[in-house]
Amino acid sequence: MSAPNPAALSDAIERRLAFADGLFQAIRERTKDSVGVTRPAWSQQDQVAGEVLIEAANGLGIEASWDAAGNLLLTLAGRDRTAPGILTGSHLDSVPTGGHYDGLAGAIAGLTVQAAFRDLGHVPTPDLTTIGIRGEESVWYGIAYVGSRLAVGSLPHAQLSTLKRGDSGLTLAQHMQAVGVDVDALGKTAPWITARNTKAFLELHIEQAPILVNEGLPVAIPTVIRGNVRFPYARCTGRYDHSGATPRIHRSDALLAVVELLRELDEFWIASEAAGAPDTVFTVGKLFTDAAHHAMTKVPGRVDFTLNFGGTTQDFLDACRERTHAGARRLAALRHVDFDLGECVGSDPTPLDPGLRRALLAAGRQLGLAEREFATVGHDASIFARAGIPSAMILVRNDHGSHNPDEAMDMADFGAGAKLLALAIAKLAD
Ligand SMILES: [Zn+2]
């Protein structure tokens, strides 16, 4: 069976937008909190989001199941069930009081494409599976991409009983058991999403930056998932002194030392950008004096802070690490303070698959969409890419930022993204 013609497939998606909107509304209704939505990972709320999708899948003759880790799998059977399958989807969990579209848009897009295939009577060659992933957000268990890591076998089983949910104090294993995951069986299960059984992973996700809104474009194709270098527990220690009585040369002011380091790093970032380092970011997310000791009339003796650099090249990330260490050493001597930068963590940049990106751009041309590519932040696609599965993404315009209740995705833009996804999948699954 050859792929449906692009115009017919695009029309079939258009006719399914009301179905997709109905799924968004049903899940919002059942997972809303006072102002946004809250769907903790492995909770009743992400379970219910999955159940709404299962009910819709059942009505379409699409197979539905929960995998060994509790990720949702919705499979449209292909003609050759042994051929490496096509995987699409995104995560079902949200941050606390988060937005409705982060993650969920990708899962609903997958099911919308499957529904359009059914409407056209199109049977893909390999299986086409939509995955609703659990535990993408790091806010619940301290690490991101838990569900996708378990599926590809890159999370040690022992961590299920050491990772704890901050608000409940219960372990990941306990929360998994509460929603029906057989944790012992999971420990004995070999990775079930592999480069051998999966031909491609395509993830549609809302854009979490304002680029598409500013440029007036509905969708973009990411080039690479940024890597990062992070110092989550940096500290500068000086000495508390009387603010009026202590002359400058006798001070060990921790705050002014940190401020000078941050100014240097900001200048380094600006210079790197001017020199052509693409898609770099730098954030000081936390910066605080010790509330138990600080006062307007004291020289600050201690400042805690975080540093978070992101970039698309290893060279830039290496330079960020070196600049931070060199700056801290120099300022410690100059300003009579101690810097303890603590543990440095991070991840490497993950390029997205060039062949899949070309296929998405070609589908965009068929749909008359403007071509736009840029780097994006961490998503489950990075886990599948690192497991050797060719992976790519579609970003959909979203207003008012993300990880907040004001996320705003227009269904027309969702439609453009879902059409792009459908056309690319139809070609891949031919
Ligand atoms: Zn997300």
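The values are calculated or read from the model by the stated rules, or taken from the named source; none is laboratory data. Not measured: the values here are computed from a predicted model. All Cβ positions, even for glycine, are placed from backbone atoms using ideal geometry, and neighbour counts span all protein chains on display. Note: areas computed on protein heavy atoms with side chains; ligands, DNA, RNA excluded. Shrake-Rupley method; radii C 1.70, N 1.55, O 1.52, S 1.80 Å.
Projecting label points 7 angstrom from Cα along Cα→Cβ for R358 and H336 puts them 6.4 nm apart. Using every pair of distinct Cα positions in the stretch 1-124, the Kirkwood expression returns a hydrodynamic radius of 15.2 angstrom. Volume per residue for the chain equals 150 cubic angstrom (convex hull of Cα atoms). Counting Lys and Arg as +1 and Asp and Glu as -1 over every other residue whose Cβ lies under 15 Å from the Cβ of I62, the net charge comes to -2. Dimensions of the stretch 183-251 based on its C-alpha atoms, expressed as ranges along the principal axes with the largest first, amount to 71, 49, 19 Å. Full extension of the chain between Q25 and A408 gives 136.5 nm of extra length, using 0.36 nm per residue less the Cα-Cα distance.
Its alpha carbons give the stretch 122-230 an Rg and a Dmax of 17.3, 50 Å. Between I249 and D318, the modelled labels are 4.3 nm apart [label points 7 Å from Cα along Cα→Cβ]. For the chain, the longest principal axis of the Cα atoms and the long axis of helix 314-335 meet at an angle of about 20 degrees.
Backbone amide hydrogens, once placed in the peptide plane, bring M393 within less than 5 Å of E203, excluding anything fewer than 5 places away on its chain. With all projection directions averaged, the alpha carbon convex hull of the stretch 126-189 covers 4.9 nm². Candidate cross-link partners of K32 among the aspartates and glutamates, defined by an alpha-carbon separation under 15 Å and a same-chain spacing of 8 or more, comprise D46, D93, D102, D406, E407.
When the solvent-accessible area of the stretch 227-347 is split by element, carbon and sulfur atoms take up 54 percent of it, the probe being 1.4 Å. Considering the stretch 227-347 at the alpha-carbon level, its Rg and Dmax are found to be 15.3, 48 Å.
Measuring between alpha carbons in the structure, the pairs from K188/K427; K199/K419; K164/K188 lying more than 26 angstrom apart are K188/K427.
Rounded to the nearest 0.05, the FRET efficiency derived from the C-beta distance between L120 and L170 at R0 = 56 Å is 0.75. You can think of it this way: the chain between N58 and A185 has 43.1 nm of extra reach, that is 0.36 nm per residue less the Cα-Cα gap. Secondary-structure-derived ellipticity at 222 nm for the chain, considering helices only, amounts to -12000 deg cm²/dmol, per-run term -39500 (n - 2.57) for DSSP H runs with n ≥ 4.
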